[in-house]
Amino acid sequence: MTEEAQMTDPTPEQSPAAEAAGAAAPATGPAATGRSRRKSREGVVASASMDRTAVVVVTEQVRHRRYNKTVRRHKRLYVHDEDNDLRVGDRVRVAETRPLSKLKRWRLVQILERAR
C-alpha cells in the first residue's frame with residue numbers, strides 16, 4: 001500500500017463501529033486515573049439535635065508505628081440527614097460527598113441498626 005492509502009485506510013481502532021462498541025475507547029474514571037472512589041465509613045450517631053445534620057463517631061483501630069500496639073482512634077463526622085430520622089445510638093453507613101457546609105462533607109447512606 002502507498003503511504004497515502006495507509007493514512008486514509010481506517011484501522012479497527014479508528015472505525016466508527018469499534019468506537020460505538022467501546023472496544024477501543026480508553027478507560028476513564030477513578031480506576032483509570034489511579035484515584036479511589038469516594039470513602040465510606042460506619043459509625044454510631046453521637047448527636048442528632050441539629051436540623052438535617054447528625055454527628056457520627058467513627059472508630060478505627062490502627063497499629064502504632066513505634067510501639068506496634070493497637071490504638072483506637074475516633075473521628076466525629078458531620079453527616080447530612082435529609083429526613084431527620086437519625087437518633088442517638090443508631091449505627092449508620094456514611095459516604096463522602098461534596099462540601100455541603102463549613103464542616104459537613106458526609107451524607108447518610110444506610111441505617112444499619114436502630115438504637116434500642
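Name the residues in the stretch 45-82 that are in contact (Cβ under 8 Å) with a residue 24 or more places away in the chain and assigned to a loop (DSSP other than H, G, I, E, B), would you? Answer for the stretch 45-82, where residues must be in contact (Cβ under 8 Å) with a residue 24 or more places away in the chain and assigned to a loop (DSSP other than H, G, I, E, B): 51, 52, 81, 82.
Is it the case that residue 87 is among the basic types (Lys, Arg), modelled with pLDDT of 95 or more and over 21 Å from the mean Cα position of the chain (by Cα)? Considered against the rule, which asks whether it is among the basic types (Lys, Arg), modelled with pLDDT of 95 or more and over 21 Å from the mean Cα position of the chain (by Cα), residue 87 comes out as yes. Can you tell me which residue in the stretch 42-64 is farthest from residue 109 (Cα to Cα), limited to those that are surrounded by fewer than 13 Cβ atoms within 10 Å (Cβ to Cβ) and β-branched (Val, Ile, Thr)? Filtering the stretch 42-64 for residues that are surrounded by fewer than 13 Cβ atoms within 10 Å (Cβ to Cβ) and β-branched (Val, Ile, Thr), the one farthest from residue 109 (Cα to Cα) comes out as 62.
Among residues of the stretch 100-116 being farther than 17 Å from residue 50 by Cα and in contact with a Lys or Arg (Cβ under 8 Å, 6 or more places away or on another chain), the one that is modelled with the lowest pLDDT is 115.
Can you find a residue in the stretch 65-74 that is surrounded by fewer than 10 Cβ atoms within 10 Å (Cβ to Cβ), modelled with pLDDT of 95 or more and in contact with a His (Cβ under 9 Å, 6 or more places away or on another chain)? Yes, the stretch 65-74 contains at least one residue that is surrounded by fewer than 10 Cβ atoms within 10 Å (Cβ to Cβ), modelled with pLDDT of 95 or more and in contact with a His (Cβ under 9 Å, 6 or more places away or on another chain).
The values are calculated or read from the model by the stated rules, or taken from the named source; none is laboratory data. The model shown is predicted, which means the values in this text are computed figures rather than measured ones. Neighbour counts run over all protein chains shown; Cβ positions are idealised from the backbone, glycine included.
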